[in-house]
Amino acid sequence: MDYKELRLLEMLNQLSLSDAQKSEMLEFFEKRESDLAILNELDTESVERMVHVMPISTVVREDIASQPFDRDELQRGAPNAELGYWCVPRVVD
Amino acid sequence: MKYEVVIGLEVHVELSTKSKIFCSCSAEFGAGPNEHVCPACCGMPGMLPVVNKRVVDLGMTAGMMLNCHINRTTTFDKKSYYYPDLPCAYQTTQWFAPVAVNGYVEIDTPSGKKKVRIKQIHMEEDAGKLVHDIAPDTTHVDFNRTSVPLIEIVSQPDLSSADEVIAYLERLHSLLRFARVSDCRWEQGSMRCDVNLSVRPEGSTKLGVRTEIKNMNSLTAIARAIEYETARHIDAIENGTEVLVQETRRWDDAKGKSFSMRTKETAGDYRYFPDPNIMPIVIDDAWFDEINASLPEFPEVKRERYITELGLSEYDADQITSSRALCDCFEDAYSVCGKAKDCANWIISEVMSILNSKKMTFDMLTLDGKALGALINLVCDGTVGRANGKKVLLAMFDDASIDPKKYAEENGFIVSNDTSLVESVVKKVCDSDPQTVADIRGGRDKAIMALFGRCMKELRGNCDPQVLRKALMDYING
């Protein structure tokens, strides 16, 4: 982890760190990276990937479309809606 | 210096389901704004997703059709980005354990077969639609498309020309439609692709700067965009006309140019993390075997079988294998009448013609193939004339429950074996046109067709053409 990567993380997480906090975080990540380097020495080739801590699987539903939800009811709390659309300040990608 | 282009594709395909991926709203295209929405797909607080099993079925089917390994435990993850078309501010997709990985498809190139590797196929939800042209300062948001199920097929960068890209996309289109994974309609956006492209000196192993052209939905536009982008990269490398940067670009087909949209995001920007609301999907042996057993015969295998085993011409086999629905209809008809060539002729000439006149695609065909086989038998054994057979077929399109023989009987389409009736009609028609009869007697053999047509009309098409021809010749020569 270098200073540039830390800045990116800071921005993505909408944080504002002081210089002291940045140094502390860099030290923290450096330590974690060395811990991971030790773990990486283990041969995990034949170990099945753990996707969940509990041996459970999701329920699924059949592909049946239900009656439409009441649109007006759904838009009742919207700050701005017209012509069946939700309205937001103009955005153009 | 010679250059080579390196292309990888991300193809989004909307799945053929009735309902959305995580809620039971309709996934149908074409409704009014926000008519197919509910608190779950609108991202209301507290709403939990429930996975549509059919989506997993189709994800597995696509994986198997593209020779992938199916991950028997597959998971959903959250991909964070904030934009008004995504009400949760994250997209539920697959990052850590996609449903299918490490596959390939083969395409034909001028230098022979080429294997294009598939990195992964993942299931995900689509985003909503933004409308910018209703009011000047407002964007209108339609969430009908939100949570409509997609698969994204990610290829390795194995493609090296626009022609190869088109061949690859056509192959995907054919396989996915054959397996009924999707209707793959480019014009409706149910198939669209992002093109990742870079250019490097020929023979180099180091990849050049990569740009991504987003949301392409026509093969012609894709080919043009690749040609343009390749030339732009080479120009930048050779002449320094601009500095190439890794970025996302938009193709403007009217202007024939690509334009920068934004610098390219990397995976870290999206902060992927496992979706805590959806437990892992475990595909057991029974589920896997059920999907595996449901896979269709590949179109090229069918084509070969139709030619070698059933004696169809290459043209006929190509036409029929262009659609799974046509193949099913053909095979059902053949199973009843056993006349492969006649079945092919009826499908290619009559069935396709009716579909075209009704502005239906081949995949929309719902005609009962076994009933078509019965009709072909009636025409081939002379019970119903060909012209009346077409009328029966047209009625069968409108009412799938029609029994061809019963319908022919009820509508007077059964060919008469009453020779005295045929002879009386021949006499009537010939006596009303002595000049034509004289012409035929004088050697104008072709003139007999005029009398033949009038007799057939009098008989309402219900006569064996051979019987009528003989009766005419006997009368004229006798």
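The values are calculated or read from the model by the stated rules, or taken from the named source; none is laboratory data. What you see is a predicted model, and the numbers here were worked out from it, not measured in a lab. Cβ coordinates were reconstructed from backbone atoms using ideal geometry, including for glycine residues, and neighbour counts include every protein chain displayed. Accessible surface areas use protein heavy atoms only, side chains included; no ligands, DNA or RNA. Shrake-Rupley method; radii C 1.70, N 1.55, O 1.52, S 1.80 Å.
Would you mind getting me the FRET efficiency between B:Arg460 and B:Asp252? Use the beta-carbon distance for r and R0 = 41 Å, nearest 0.05.
According to the calculation, E is roughly 0.10.
So what's the angle, to the nearest 10 degrees on a 0 to 90 scale, between helix A:19-40 and the longest Cα principal axis of chain A?
In chain A, helix A:19-40 runs at an angle near 80 degrees to the longest axis.
For the pair B:Glu409 and A:Ser34, how long in nm is the line joining their label points, each one 7 Å along Cα→Cβ?
Roughly 9.4 nm, to one decimal.
When Rg is the radius of gyration of the Cα atoms in the range B:190-347 and Rh is its Kirkwood radius, what does Rg/Rh come to?
Here the Rg-to-Rh quotient is 1.16.
Full extension from B:Ile134 to B:Met261: what is 0.36 nm times the residue separation minus their Cα-Cα distance, to one decimal in nm? The partial results should precede the final answer.
Details: separation 127, 0.36 × 127 = 45.72 nm, distance 2.28 nm.
Full extension from B:Ile134 to B:Met261 adds 43.4 nm.
What angle, in degrees between 0 and 90 and rounded to the nearest 10, separates the Cα long axis of helix A:3-12 from the longest principal axis of the Cα atoms of chain A?
So the helix axis and the longest Cα principal axis differ by about 20 degrees.
With the cut-off at 22 Å, tell me which of the pairs B:Lys341/B:Lys457; B:Lys370/B:Lys457; B:Lys427/B:Lys470; A:Lys4/B:Lys78; B:Lys78/B:Lys115; B:Lys129/B:Lys214 have Cα atoms farther apart than that.
B:Lys341/B:Lys457; B:Lys370/B:Lys457; A:Lys4/B:Lys78; B:Lys78/B:Lys115
What distance in nm lies between label points placed 7 Å from Cα along the C-beta direction at B:Asn345 and B:Arg469?
1.3
Taking the Cβ-Cβ separation of B:Val245 and B:Ser432 as r and a Förster radius of 56 Å, what is the calculated FRET efficiency to the nearest 0.05?
Working from the Cβ atoms, E equals 0.05.
Could you report the protein assembly as shown's accessible area per residue, 1.4 Å probe, as an integer in Å²?
Values: 29850 Å² over 571 residues.
Dividing the accessible area of the protein assembly as shown by its residue count gives 52 Å².
Report relative contact order for chain B in percent, whole number only (criteria: Cα-Cα under 8 Å, sequence separation at least 6). Show your work: numbers first, answer last.
Numbers: 846 pairs, mean separation 62.8, N = 478.
RCO, chain B: 13 percent.
Kindly compute the accessible surface that chains B and A hide from a 1.4 Å probe when together, both sides summed, and give it to the nearest 100 Å².
The B and A chains share an interface burying roughly 3600 Å².
With just the Cα atoms of chain B, tell me how far they stretch along each of the three principal axes, in Å, largest first.
94, 58, 52
On a straight-distance basis, which aspartates and glutamates could pair with B:Lys79 in a cross-link, Cα separation under 17 angstrom, same-chain partners fewer than 8 positions away excluded?
Reachable aspartates and glutamates: B:Glu10, B:Glu124, B:Glu125, B:Asp126, B:Glu152, B:Glu265, B:Asp269, B:Asp275.
Using a basic spin-label model with each label point 7 Å from the Cα along Cα→Cβ, how many nm lie between A:Met25 and B:Ser160?
4.5
Let me check something: with ligands and nucleic acids excluded, how do A:Leu15, B:Leu175 order by accessible area (1.4 Å probe), largest to smallest?
So the residues, ranked largest to smallest area, are A:Leu15, B:Leu175.
A:Val91 to A:Glu5: extension gain in nm, 0.36 nm per residue of separation minus the Cα-Cα distance?
Numbers: separation 86, 0.36 × 86 = 30.96 nm, distance 2.90 nm.
Length difference between fully extended and current span is 28.1 nm.
What length, rounded to one decimal in nm, is gained on full extension from B:Arg180 through to B:Thr220, with 0.36 nm per residue of separation minus their alpha-carbon distance?
Values: separation 40, 0.36 × 40 = 14.40 nm, distance 2.43 nm.
Computed gain between B:Arg180 and B:Thr220 is 12.0 nm.
Given C-alpha coordinates of the range B:297-410, what is the ratio Rg to Rh with the Kirkwood estimate of Rh?
Over the Cα atoms of the range B:297-410, Rg/Rh equals 0.95.
Under 20 Å from the 7 Å Cα→Cβ point of B:Ser204, by amide nitrogen: which residues of the range B:238-254?
B:238-248
Across peptide B:70-82, how many C-beta atoms of other chains are within 10 Å of each residue C-beta, on average? Working shown, then result.
Numbers: counts 0, 2, 0, 6, 2, 4, 1, 0, 0, 0, 1, 0, 0.
Mean shielding count: 1.
Over chain A, with a Gaussian network built from C-alpha contacts below 10 Å, which listed residue (A:Asp72, A:Asp19, A:Asp43) shows the highest mean-square fluctuation?
Largest GNM mean-square fluctuation: A:Asp72.
Looking at the range A:30-81, which GluC sites (Glu not before Pro) are DSSP coil and have at most 16 other C-beta atoms within 10 Å of their C-beta?
Those satisfying the criteria are A:Glu41, A:Glu45, A:Glu48, A:Glu62.
Just give the residues from the range A:36-68 buried by at least 30 square angstrom of accessible area in the all-chains context relative to the isolated chain, probe 1.4 Å, and say none if nothing qualifies.
Listed in order, they are A:Arg49, A:Val51, A:His52, A:Ile56, A:Ser57, A:Thr58, A:Val60, A:Arg61, A:Asp63, A:Ala65, A:Ser66.
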